[in-house]
1. What single numbered condition from (1) out of contact with any strand residue (DSSP E or B) (no Cβ under 6 Å at 6 or more places or on another chain); (2) closer than 16 Å to ASP134 by Cβ fails to hold for ASN80?
2. Got at least one residue in segment 133-147 being more than 21 Å from the chain's Cα centre (by Cα) and among the basic types (Lys, Arg)?
3. Say whether the condition of being under 20 Å from THR52 (Cβ atoms), part of a loop (DSSP other than H, G, I, E, B) and within 23 Å of the chain's Cα centre (by Cα) is met by at least one residue in segment 86-95.
4. Return yes when THR83 is within 21 Å of SER150 (Cβ to Cβ), surrounded by 12 or more Cβ atoms within 10 Å (Cβ to Cβ) and polar (S, T, N, Q) and no when it is not.
5. What is the residue count in segment 24-83 for residues that are part of a helix (DSSP H, G or I), β-branched (Val, Ile, Thr) and over 20 Å from the mean Cα position of the chain (by Cα)?
6. Cβ-Cβ distance below 8 Å, separation of 6 or more or different chains: which pairs start in segment 38-51 with a residue that is at negative phi and end on one that is of a type in the set (Gly, Ala, Ser)?
7. Looking at THR67 and the list (1) modelled with pLDDT of 90 or more; (2) farther than 24 Å from SER148 by Cβ; (3) of a type outside the set (Gly, Ala, Ser), which single condition is not satisfied?
8. Of the conditions (1) at pLDDT below 90; (2) assigned to a strand (DSSP E or B), ALA116 clears all except one; give me its number.
Amino acid sequence: MTLVELMVAIGIGSVLFVAVMALTFYSARSFAAIGNYIDLEAQNRKTLDRLTQEIRQADAVKTCNATNLVLSGSYPGSTNSYTLAYAYHPAEKTLTRSQDSETRVVLTQCDSLAWAMYQRNMSGGTDQPIPTTDCNECKLIKLTWVCSRSIFGKSANTESVQSAEIMIRKK
């Protein structure tokens with residue numbers, strides 16, 4: 001084996017090694033992104049299902065602003081009432097649920113979240129509800145949030161946007 005043959009073999013080997021490493025890093029990033037999408041979708045679906053169920057069963061809205069929603073309700077088959085509160089904490093990027101003395105985080109890594117209230121009647125013959133600021137007129141709650149994850153410590157555009165309009169049944 002001559003020196004020229006050895007250098008050609010090392011060059012070809014180096015190019016192959018770099019190509020395999022690039023493919024490995026690309027695959028690892030893609031698998032991490034897929035894992036993030038799966039995690040986001042599962043967490044968002046679970047949270048949205050819970051929120052939908054609890055908002056529909058509420059009796060009334062006590063307070064609603066861009067980051068907080070407070071509902072009042074009564075337990076089925078009972079005269080006992082409860083207060084249910086959802087609070088978005090932008091600094092921690094979390095949504096918490098509080099009922100009685102129990103508080104727990106229901107959504108994490110939430111980049112933005114907003115609540116809005118709407119009336120029962122629609123506007124001008126369309127299916128667009130009329131916004132309201134009066135809790136007594138509120139029949140529909142609109143919720144929108146954006147969650148994202150990072151990949152290998154870097155912010156990535158792995159995000160999930162959720163939006164729902166939830167009708168309060170008991171109103």
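1. Among (1) out of contact with any strand residue (DSSP E or B) (no Cβ under 6 Å at 6 or more places or on another chain); (2) closer than 16 Å to ASP134 by Cβ, ASN80 violates only (2).
2. Going through segment 133-147, the residues more than 21 Å from the chain's Cα centre (by Cα) turn out to be 133-139.
Then drop every residue that is not among the basic types (Lys, Arg), which leaves 139.
So far as segment 133-147 goes, yes, one or more of its residues are more than 21 Å from the chain's Cα centre (by Cα) and among the basic types (Lys, Arg).
3. no
4. Here the answer is no, as THR83 does not meet what is asked.
5. Quick first cut of segment 24-83, residues part of a helix (DSSP H, G or I) only: 24-57.
Now narrow it down to the ones that are β-branched (Val, Ile, Thr): 24, 34, 38, 47, 52, 55.
With over 20 Å from the mean Cα position of the chain (by Cα) added as a condition, the list becomes 24.
Summing the residues that are part of a helix (DSSP H, G or I), β-branched (Val, Ile, Thr) and over 20 Å from the mean Cα position of the chain (by Cα) in segment 24-83 gives 1.
6. From residues that are at negative phi, the pairs are LEU40/SER148; LEU40/SER160; GLU41/SER160; ASN44/SER160; LEU48/ALA164; LEU51/ALA164.
7. For THR67, the failing item is (2).
8. (1)
The values are calculated or read from the model by the stated rules, or taken from the named source; none is laboratory data. What you see is a predicted model; the values in this text were computed from it and never measured. Note that we place each Cβ from the backbone using ideal geometry, even for glycine, and neighbour counts take in every protein chain shown.
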